[in-house]
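Below: the structure, in structure tokens.
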Amino acid sequence: DRIGDWSSDVCSSDLRQAAARYPDNALVSLILAINLRRSKSRDDRGAGLAELRAREEQLELRVGREDGDLDAKGLFALVLLGLGKTKRAESQYATFWETLATRPKGEVKEKSMDLAFVSMAFSELQSK
């Protein structure tokens, strides 16, 4: 199973299953929230919006720390994009890549799959 193999035709039930199977994977649960936000169901849209707003608050605090939380910067860009805050999302995404460029190669290699998934998700969401 490759969590990152998702596209615009992935339905909410598949994402719900992935989120249940990988409850600690912040990217999967975030993509589910964004997908719910874009749902035709009013209840799903409300649930997705509530989750994205909660994540926005949490991630904004993490991004503001001096230690340069790389994961938070990438996820925060996705949250902003999911909330329709495109300009701010693009700025945050640029900051994510600037921070990435300053990291030791070993750290980047260790996180390379997660970073690739964040990048793919951002590109996919930006094109919608």
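The values are calculated or read from the model by the stated rules, or taken from the named source; none is laboratory data. Since we're looking at a predicted model, the values are computed, not measured. As a convention, Cβ positions derive from the backbone with ideal geometry for all residues, glycine included, and neighbour counts pool all protein chains shown. For the accessible areas, the whole protein counts, side chains as well, though only heavy atoms, and no ligand, DNA or RNA atoms are used. Shrake-Rupley method; radii C 1.70, N 1.55, O 1.52, S 1.80 Å.
Looking only at the range 92-100, decide whether some residue is open to solvent by less than 60 Å² (accessible area, probe 1.4 Å), in contact (Cβ under 8 Å) with a residue 40 or more places away in the chain and closer than 18 Å to residue 59 by Cα.
no
Report, by residue number, each residue of the range 52-71 that is hydrophobic (A, V, I, L, M, F, W, C), in contact (Cβ under 8 Å) with a residue 12 or more places away in the chain and out of contact with any Gly (no Cβ under 9 Å at 6 or more places or on another chain).
Listed by number, the residues that qualify are 59, 63, 70.
Kindly check whether there is at least one residue in the range 75-90 that is charged (D, E, K, R) and either buried (at least 22 other Cβ atoms within 10 Å of the Cβ) or at positive phi (or both). Explain how you work it out, then say what you get.
Step one: filter the range 75-90 for residues charged (D, E, K, R), giving 85, 87-88, 90.
Then keep just the ones that are either buried (at least 22 other Cβ atoms within 10 Å of the Cβ) or at positive phi (or both); that gives none.
No: the range 75-90 contains no residue that is charged (D, E, K, R) and either buried (at least 22 other Cβ atoms within 10 Å of the Cβ) or at positive phi (or both).
Working only within the range 113-126, note down all residues that are more than 17 Å from residue 76 (Cβ to Cβ) and at pLDDT below 75.
Of everything in the range 113-126, just one residue is more than 17 Å from residue 76 (Cβ to Cβ) and at pLDDT below 75, namely 113.
Can you give me the number of residues within the range 26-45 that are over 30 Å from residue 103 (Cβ atoms) and either part of a helix (DSSP H, G or I) or open to solvent by less than 60 Å² (accessible area, probe 1.4 Å) (or both)?
8
For residues that are of a type outside the set (A, V, I, L, M) and open to solvent by 90 Å² or more (accessible area, probe 1.4 Å), scanning just the range 46-66, find the one that is farthest from residue 88 (Cα to Cα). Can you show your working first?
Residues of the range 46-66 that are of a type outside the set (A, V, I, L, M), as a first pass: 46, 48, 51, 53, 55-58, 60, 62, 64-66.
Among the residues that remain, those that are also open to solvent by 90 Å² or more (accessible area, probe 1.4 Å) are: 53, 57-58, 65-66.
Values: 53: 15, 57: 14, 58: 16, 65: 18, 66: 20 Å.
If we take residues in the range 46-66 being of a type outside the set (A, V, I, L, M) and open to solvent by 90 Å² or more (accessible area, probe 1.4 Å), then 66 is farthest from residue 88 (Cα to Cα).
In this structure, is residue 92 at pLDDT below 90 and within 13 Å of the chain's Cα centre (by Cα)?
Working: at pLDDT below 90: no; within 13 Å of the chain's Cα centre (by Cα): yes.
So residue 92 does not fit the description; no.
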